[in-house]
1. Provide the per-residue ³J(HN,Hα) series for region 54-65, in order, calculated from phi with Karplus coefficients 6.51, -1.76, 1.60 and θ = phi - 60°, each as a whole number of Hz, with x at glycine and proline positions.
2. Determine, from the Cβ-Cβ distance of ASN41 and LEU64 and an R0 of 41 Å, the FRET efficiency 1/(1 + (r/R0)^6), rounded to the nearest 0.05.
3. Which chymotrypsin sites (Phe, Trp or Tyr not before Pro) in region 2-40 pass both tests, a DSSP loop state and at most 15 other beta-carbon atoms within 10 Å?
4. From the phi of every residue in region 25-36, what ³J(HN,Hα) in whole Hz does the Karplus formula 6.51 cos²θ - 1.76 cosθ + 1.60 yield, where θ is phi - 60° and glycine or proline is x?
5. Quote the Stokes-Einstein diffusion coefficient, in whole µm² s⁻¹, for region 14-62, based on the Kirkwood radius over alpha carbon pairs, a temperature of 10 °C and a viscosity of 1.306 mPa s.
6. Could you give me D for the chain, from Stokes-Einstein at 37 °C and 0.692 mPa s, where the hydrodynamic radius is the Kirkwood radius over C-alpha pairs? Units µm² s⁻¹, please.
Amino acid sequence: MNNFIRDYLVKLYIPRITWTDIIEIVIIAFVIYNVMVWIKNTKAWVLLKGIIIVVIFALIAYILNLKTILWISWITECRTYS
């Protein structure tokens with residue numbers, strides 16, 4: 001068991017984290033948080049939830065290879081953009 005843990009830890013790569021990485025993570029988290037708060041306080045929140053549901057449905061259809069649903073979504077997409 002000890003050998004297994006030691007071998008696993010040798011193969012584990014942990015990148016070096018610098019101050020710039022931490023600052024970058026804080027800035028990105030701040031921006032994402034403020035965008036989400038803005039979206040939640042407007043009617044865009046309902047639109048975002050709808051888009052997320054459609055994307056999840058499309059991903060499930062793609063993963064399960066539901067050809068008819070994918071075909072319908074492709075036809076709808078072509079008519080929307082043409």
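1. Result, ordered by residue: 4, 5, 4, 4, 5, 5, 4, 4, 5, 5, 7, 6 Hz.
2. Values: r = 36 Å, r/R0 = 0.88.
Taking R0 as 41 Å, the efficiency between ASN41 and LEU64 is 0.70.
3. Passing both the DSSP loop test and the Cβ count: TYR13.
4. Residue by residue, region 25-36 yields 5, 5, 5, 5, 4, 4, 5, 4, 4, 5, 5, 5 Hz.
5. Working: Rh = 13.3 Å.
Using the Kirkwood radius from Cα pairs, D works out to 119 µm²/s.
6. Values: Rh = 17.7 Å.
My calculation gives 186 µm²/s for D.
Taken together, the values in this text are just the output of simple stated rules run on the coordinates, not laboratory data. Quick caveat: nothing in here was measured; it's all calculated off a predicted structure. Please note: Cβ atoms are built from the backbone with ideal geometry, for glycine as well, and neighbour counts cover all protein chains shown.
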